[in-house]
1. Using a 7 Å offset from the Cα along the Cα-to-Cβ direction at both residue 298 and residue 236, what is the distance between the two label points in nm, to one decimal?
2. Using DSSP, restrict attention to beta bridges with both residues in region 173-252 and report what percent are antiparallel, rounded to the nearest 5.
3. Below 13 angstrom from the Cβ of residue 182, what's the summed charge of the other residues (Lys, Arg +1; Asp, Glu -1)?
4. Evaluate the distance, in nm, between pseudo-label points positioned 7 Å from the Cα of residue 103 and of residue 282 along their respective Cα→Cβ axes.
5. Whenever you get a sec, compute what percent of the accessible area on the chain sits on carbon and sulfur atoms (1.4 Å probe).
6. How large is the helix-only mean residue ellipticity at 222 nm for the chain, computed as the sum of -39500 (n - 2.57) over DSSP H runs with n ≥ 4, divided by its residue count, in deg cm²/dmol to the nearest 500?
7. Treating only the Cβ of Lys, Arg, Asp and Glu as charged (+1, +1, -1, -1), what charge dipole size does region 4-308 show about its Cα centre? Round to the nearest 20 debye.
8. Work through the residues other than residue 145 whose Cβ is under 10 Å from its Cβ and net out their charges, Lys, Arg +1 and Asp, Glu -1.
Amino acid sequence: MWNAADRTGKAAPVLIVGSVALDTVETPLGREENALGGAAVYASVAASLFAPVNLVGVVGADFPREHLSFLTARGIDLRGLQVVEGRTFRWSGSYDYDLNQAHTRSTELNVFEDFHPRLPDTYRDAGFVFLANIDPDLQLEVLAQVRSPRLVVCDTMNFWIEGKPNQLREVIRRADIVFMNDAEARQFCGTFSLPRAARELMALGPTAVIIKKGEHGALLFTRASHFSAPSYPMEQVVDPTGAGDTFAGGFVGYVAGTGDISEGSLRKATVYGSVVASLNIEDFSINRLRRLTPEDVSRRYAEFKSIAFFEAMESA
Ligand code: AMP
């Protein structure tokens, strides 16, 4: 039975770099202004359910102190989070009834424009590294400071696929597992076929690729196999922001928590990622994750298992 306290107690920490943001989001069910967000925040909060987290990023002097206290209370180490003069990164977006598609209204890099990650020495021995969505140049700067990681996982988005494709290719070359959503994989590889896109991404170096398909589940490709995690039948999505980041955070947190990088473990991690992502979108910002219990996670995991169950074919 899954238990957050058991896991985080003996688990290896995960190093996470990515955006730490104040998001303004509008969905068919409401609007939130300057809410806690950012890829690294969603991923860290999700990963902290399974393993301790070391967070690398930057915020401005305007970043509310209560957010820092909340993250610390979740077992997230903030010695790698720089607090500098200036405004925190801000993203604003909206969704219509196709909740798979975020419409970006504005992206203000602000303090990220002059940011260079400086890893505290204790972070440099990280075994598990998650390069969440941020400028690929910064993802590479983090990798340059890590000594010999066991597993490097990376994520990105169309903003960087279009803006910095060569740097992103270099990040992918150096990663063990790549996350992309279906549209990003098609765009980056210039193909309609997701299995072909996964194969092309693995040809660059990674041993596994995860393609997220929003409300249609997720695919895990390795060189030898293909696993399909089901989607959860959500009747009401309040705010899809951070679904991809919580998915990846849950995935990496689970793998670091168990220390097991076998194929079977990666499959379970894909389901844990789906579990946390499906819970996260039940409320704005990280509000659902704030009140998440181990029982919520276990219950949803069991539901995923039963959704995907089917009998063997009868013999002729
Ligand atoms: P997701 O819904 O999982 O794709 O991630 C949404 C989060 O990504 C939001 O909290 C944003 O603050 C963050 N975000 C949006 N655009 C960018 C960007 N260009 N670089 C880094 N993070 C971003």
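The values are calculated or read from the model by the stated rules, or taken from the named source; none is laboratory data. Values in this document were obtained by computation on a predicted structure and should not be read as measured data. Glycine also receives a Cβ, built like all others from the backbone with ideal geometry; neighbour counts cover every protein chain displayed. The accessibility values were calculated without ligands, DNA or RNA, using every heavy atom of the protein model including side chains. Shrake-Rupley method; radii C 1.70, N 1.55, O 1.52, S 1.80 Å.
1. Distance between label points: 2.7 nm.
2. That works out to approximately 65 percent antiparallel.
3. Taking every Cβ under 13 Å from that of residue 182, the sum is +2.
4. 2.9 nm
5. Here carbon and sulfur together make up 50 percent of the probe-accessible area.
6. -11500 deg cm²/dmol
7. Roughly 1000 debye, rounded to the nearest 20.
8. Result for the neighbourhood of residue 145: +1.
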